[in-house]
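Taking it in order: structure first as structure tokens, then the write-up.
The values are calculated or read from the model by the stated rules, or taken from the named source; none is laboratory data. Model, not experiment: these values are computed from the prediction. Glycine also receives a Cβ, built like all others from the backbone with ideal geometry; neighbour counts cover every protein chain displayed. Remember, those area values only see protein heavy atoms, side chains included, never the ligands or the DNA or RNA. Shrake-Rupley method; radii C 1.70, N 1.55, O 1.52, S 1.80 Å.
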Amino acid sequence: MNYLVKDRPTVTLMLKQKTAAGLLAEIDEGLKFGTDCFGFQIDMLNAEERTEENYKKIFAAMNGKPSYVTNYKNGSPDKSDDVLADELIAAFHLGGTLIDIRGGMFDNNSPEFSKDGTAVEKQKAIIKKAHELGAQVLMSTHICDRFVPREEVFDIMLAQQERGADIAKLVTSANSQEELEENFEITLLLKKKLNIPFLFLCNGTHCRQHRLLNPMLGSCTYLTKLEQSAEAQPVIEEVKTLMELNEYKNLPWED
């Protein structure tokens with residue numbers, strides 16, 4: 001099963017609930033509305049809810065839709081990266097499609113993007129293992145506390161590509177009009193720089209236009225939510241309007 005949809009941005013509904021029952025209800029609403037994929041953030045689920053039985057129910061409820069699975073350190077601060085990686089592989093076996101390996105995994109000194117040789121080799125090894133099992137891999141880096149200049153963006157995302165990721169992901173910030181415009185320019189340049197799909201996002205005071213328009217300029221997927229909240233993702237209803245105005249074909253809510 002391929003995570004990405006061909007010839008248009010993929011629509012991913014990021015699940016937000018912290019209980020299995022809440023997630024199942026959210027998935028049901030997502031299926032009724034229409035989405036290409038679901039984003040299952042293990043790290044957001046309450047610790048006592050993280051069971052194999054619940055995972056099977058959650059993936060089964062997606063009704064054959066692909067899923068993007070994260071297991072970030074902030075959701076399990078006491079767990080080692082080796083354990084987090086094993087849990088991602090286990091989630092794939094239970095029904096996941098695309099697993100998220102952090103660019104700083106196995107390096108406590110650089111948790112978002114590591115250049116340490118030992119950490120990099122361990123990242124490559126887990127990506128190789130995932131591929132051998134049939135999983136797809138996204139490599140992510142989140143640097144949300146500052147604007148990331150274009151050359152640093154290129155260095156990070158080219159490294160993610162070199163380490164074997166199927167999709168490169170970087171989240172930066174935009175807290176001025178100038179930073180917003182620069183992030184748009186970076187998106188267009190990434191289309192030429194990278195040989196794999198990418199997800200380039202920003203948070204901050206000026207992130208909204210980038211979140212809404214960037215997938216039409218090159219980012220491979222929309223990360224959406226069902227309802228308005230403080231988080232940066234656009235509401236899926238907004239994405240539906242934009243994609244229909246741009247006359248994309250084969251949209252998930254048309255099924």
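Quick notes
- Proximal aspartates and glutamates to LYS32, defined as alpha-carbon separation beneath 15 angstrom and excluding residues fewer than eight positions away on the same chain: GLU227, GLU237, GLU254, ASP255
- Pairs from the list LYS128/LYS240; LYS124/LYS240; LYS65/LYS129; LYS16/LYS115; LYS115/LYS240 with a Cα-Cα gap above 30 Å: LYS128/LYS240; LYS124/LYS240; LYS16/LYS115; LYS115/LYS240.
- Spatially proximal aspartates and glutamates relative to LYS191 (Cα-Cα < 20 Å; intrachain offsets below 8 disregarded): ASP7, GLU151, GLU152, ASP155, GLU162, ASP166, GLU179, GLU181, GLU182
- Surface calculation, 1.4 Å probe, protein heavy atoms: LEU213 sits at approximately 70 Å² accessible.
- When each of the peptides 236-242, 18-24 is scored by the mean number of other C-beta atoms lying within 10 Å of its residues, the order from highest to lowest reads 236-242, 18-24.
- Within straight-line reach of LYS122, meaning a Cα separation under 21 Å, sit the following lysines at least 8 residues removed in sequence or on another chain: LYS73, LYS79, LYS169.
- Debye-formula intensities of the chain, expressed as log10 I(q)/I(0) at q = 0.08, 0.10, 0.12, 0.15 Å⁻¹, are -0.29, -0.46, -0.68, -1.11 (one equal scatterer per alpha-carbon, no solvent).
- Overall, the accessible surface of the range 26-143 at a probe of 1.4 angstrom is composed of carbon and sulfur to the extent of 48 percent.
- Per residue, the chain exposes 45 Å² of solvent-accessible protein surface, assessed with a 1.4 angstrom probe and all protein chains in place.
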